[in-house]
Amino acid sequence: MQGKMKKLAMAITMATFSLNAHSAQSEADNAGHRVLKVGCEAAFAPFTYIDDKGKLIGFDLDLIRAMGKAMGYDEVVVNALPFDGLIPAIMTDNIDLIISGFTISEERAKKVDFSDPYYMCGLTMLVNKKDADRVNNIEDLEGHDVCLQIGTTGALYAQKQLQKAKLKQFNSPPDTYLELQNGGCIAALNDSPVNDFFLNNYKGNDIVSKKITTGDSEYYGIAVNKGNKELLDRLNKALSDVQKSGEFKEISMRWFGRDISDDFKQQ
Ligand code: GLN
């Protein structure tokens, strides 16, 4: 009996050891060089996008680099992926985490675990100025073509709310804007900061923004593989550390000209 118990204990220890070895391996590329593998979509300005020079930049990437440093990583490697490929990439361990203006949702929480929220916003829609008088809220979209980004919380919301609209789904917000400009839809529905960023940088004056009363806010969080509590705890600690050190505020000022943490406090 004793011997059997010993064998069992040994087997458990071995299994734990190999699990640890596996997670340690995913963090350390070469001996001692710790790499944090981040996944994001590359067309979600101002959070994660490619600038004129082809560089992947944004609020989320500045944030995760600051957090990576606080966590002791030597390098933060960012992988640009299609939006609907982010969760599969986490589940297959190709990336350690998702940071991509990624809304915390019950549905996603079945597949991934989320960090504490770091940003809050809502949805808005962009419409052509000529339609501005007749399109004021979500109900006004019934019977029309509506542009959305595939796999997003905004798309899910429209699927639930709009029974008689034709939903045209695209890979990224810029594609929805193009379709709106070409007259292919009456509205482009996306997260408010992303629509705002487009409009603020837009040269024309034929597009306007409309608020949508959803009753719900979008809270952005960082997603990790389900059950990876160790990484999640370290991420939450790093988020709190960069908030306390003032780095979060500095990054927020750089991208938004204000401290976005204040949005939470108003709640
Ligand atoms: N916040 C939205 C979502 O999580 C859109 C995110 C994105 O397109 N990067 O679904």
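The table below gives the values:
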item: Hydrodynamic radius (Kirkwood) for the stretch 129-177, which is based on Cα pairs only, to one decimal in Å; result: 11.2 Å
item: Span from the the stretch 87-101 Cα centroid across to the the stretch 220-250 one, whole angstrom; result: 15 Å
item: Spherically averaged projected area of the stretch 149-243 from its Cα convex hull (nm²); result: 8.6 nm²
item: Sorted peptide list for 123-134, 202-213, 60-71, criterion being average Cβ within 10 angstrom, highest first; result: 60-71, 123-134, 202-213
item: Normalised convex hull volume, the stretch 55-130, alpha-carbon set, Å³ per residue; result: 150 Å³
item: Separation of the R258 and T214 label points, Cα + 7 Å toward Cβ, nm; result: 1.9 nm
item: Rg in Å to one decimal, and Dmax rounded to a whole Å, for the chain via C-alpha atoms; result: 21.3, 83
item: Modelled FRET efficiency - R0 35 Å, E142 with Q181, Cβ distances, 0.05 increments; result: 0.95
item: Reach of K111 by Cα under 28 Å, taken over lysines that are not fewer than 8 positions away in the same chain; result: K37, K69, K160, K168, K226, K229, K237
item: Out-of-range pairs (alpha-carbon distance over 26 Å; input K110/K244; K129/K164; K164/K210; K110/K166; K129/K211); result: K110/K244; K110/K166
item: MRE, 222 nm, helices only [DSSP H, n ≥ 4, -39500 (n - 2.57), over the chain, to nearest 500]; result: -12000 deg cm²/dmol
item: Pairwise label distance in nanometres, N171 with H33, each label 7 Å out on the Cα-Cβ vector; result: 3.0 nm
item: The stretch 110-267: relative contact order as a whole-number percent, Cα under 8 Å and 6+ apart; result: 37 percent
item: Principal axes of the stretch 61-183: Cα extent on each, largest first, Å; result: 53, 28, 23
item: For the chain, Cys with no neighbouring Cys Cβ under 4.7 Å; result: C40, C121
item: Rough spin-label spacing in nm, given labels placed 7 Å along Cα→Cβ, for K111 and S245; result: 3.3 nm
item: Kyte-Doolittle mean at least 0.0, axial Cα span of 27 Å or more - DSSP H helices of the chain; result: none
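Read-outs throughout are calculated quantities, based only on the coordinates presented, and are distinct from any laboratory measurement. All values reported here derive from a predicted model rather than from experimental measurement. Cβ coordinates were reconstructed from backbone atoms using ideal geometry, including for glycine residues, and neighbour counts include every protein chain displayed.
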